[in-house]
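Accompanying notes for the structure given below.
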Amino acid sequence: MSRTKLPIDCVVALTYNCNAKCTMCDIWKIKNSPELTLEDLSKLPDSLRDVNISGGEAFLRRDLPDIVATIRKACPHARLVISSNGFLPPVIDKAMDKILAVAPDIGVAISIDGMGKMHDEMRGTPGGFDRCMETIKILKKKGMTNLRLAFTITEYNVEHFPLVYDLACELGIQFTHSFAQSSEFYFGGKQNINNPPRELLVKGYSHIIKKELASWNLKRWLRAFFANGMFKFITSKNPVLDNAPGRDFFFLDPTGDIYPSVVHNFILGNIRKVGNFKEFWLSPEAEERRKKVDALRVPVWMICTARTALYNHPVAVGFWILKNKFFGFDLK
């Protein structure tokens, strides 16, 4: 019997158009790529509980407020977060006034991959760090509290990992992070050789996890668990919990192709050819494709896939939090 239910988490790449030249991503080299339409997005399932609106650069879509309204209508129970490089303060300022009118609880994640010059080098954009700080200031002035800095770990910027975390704490906003990986179809097909020194990973993760566990906030405890899982994944390539890309989660690219995740080069279907998402997702044909994905056994640990894993393993997660918060944390 199939264990598949409707998905609850997804990343939606609206466009591959991008105004940065990141060292760990070649999406900016893609020209004249198709883009998702409002009709495409209206087909997203109402089962979704988390939707990350991404790109490319999402704010390059002039119709972003209409996009958010469409996703909100299709997925009324979903938490929405827009991922952005933050390089367009005036554009973001104007767009967010309209977006907050239809989704006042929406989040925005601004990519920060180092302090000052380091961030500018990582993103290939002189003056980029200062523009990001201006964007954060604009969003906070609007009264937004659902804000976060998003750091991508590479062997080049890993020393700045705890520094950006501390910046997020100083700004009074959330912090999230990922690890630069390779993809045959995402990141412009960029193949990242990423081997940060273990001692710098231990230093950074120990600092962050201990601070998160020291709080009295459940969400921060869960972030500590995720961070510990990311350290284990980086150093061993094994996820600490089973997660189910292509079942609980999917990635939707600008052409409409539906992937299990950004590192699974296997198309489950195309949203433009889907009449009813539920019928497509639960169809025997989709299940056969998922079995092929399962057979590939591609290890994965990203916030979008790990989030559902945390939901599905509350006892293991709770035990880890209790043990490490009250009996001391030691990264091994």
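The values are calculated or read from the model by the stated rules, or taken from the named source; none is laboratory data. In this text, all values refer to a predicted model and were calculated from it rather than measured experimentally. Every residue, glycine among them, receives a Cβ derived from its backbone with ideal geometry; neighbour counts consider all protein chains shown.
For the condition within 26 Å of residue 253 (Cα to Cα) and either in a helix (DSSP H, G or I) or assigned by TED's automatic domain parsing to the domain that holds residue 308 (or both), what is the one hit in 225, 231, 185?
Working: 225 fails: within 26 Å of residue 253 (Cα to Cα); 231 fails: within 26 Å of residue 253 (Cα to Cα).
Criteria check complete, one pass: 185.
Taking the criterion of being buried (at least 17 other Cβ atoms within 10 Å of the Cβ), modelled with pLDDT under 95, assigned by TED's automatic domain parsing to the domain that holds residue 139 and not acidic (Asp, Glu), would at least one residue in the range 79-88 satisfy it?
No, that holds for no residue.
Scan (1) in the same structural domain as residue 184 (by TED's automatic domain parsing); (2) free of Cβ contacts under 8 Å to residues at least 24 places away in the same chain for the single condition residue 217 breaks and write down its number.
(1)
Among the residues of the range 294-332 satisfying the criterion of being modelled with pLDDT under 90 and among the β-branched types (Val, Ile, Thr), which is nearest to residue 223 (Cα to Cα)?
303
I'd like to know if the range 92-108 contains one or more residues that are in contact with a His (Cβ under 9 Å, 6 or more places away or on another chain) and surrounded by fewer than 19 Cβ atoms within 10 Å (Cβ to Cβ). Let's see the steps before the verdict.
Of all residues in the range 92-108, those in contact with a His (Cβ under 9 Å, 6 or more places away or on another chain) come to none.
No, the range 92-108 has no match at all.
Report, by residue number, each residue of the range 248-299 that is outside any strand (DSSP E or B), under 20 Å from residue 74 (Cβ atoms) and either acidic (Asp, Glu) or not assigned by TED's automatic domain parsing to the domain that holds residue 191 (or both).
Passing the criteria: 248, 253, 279.
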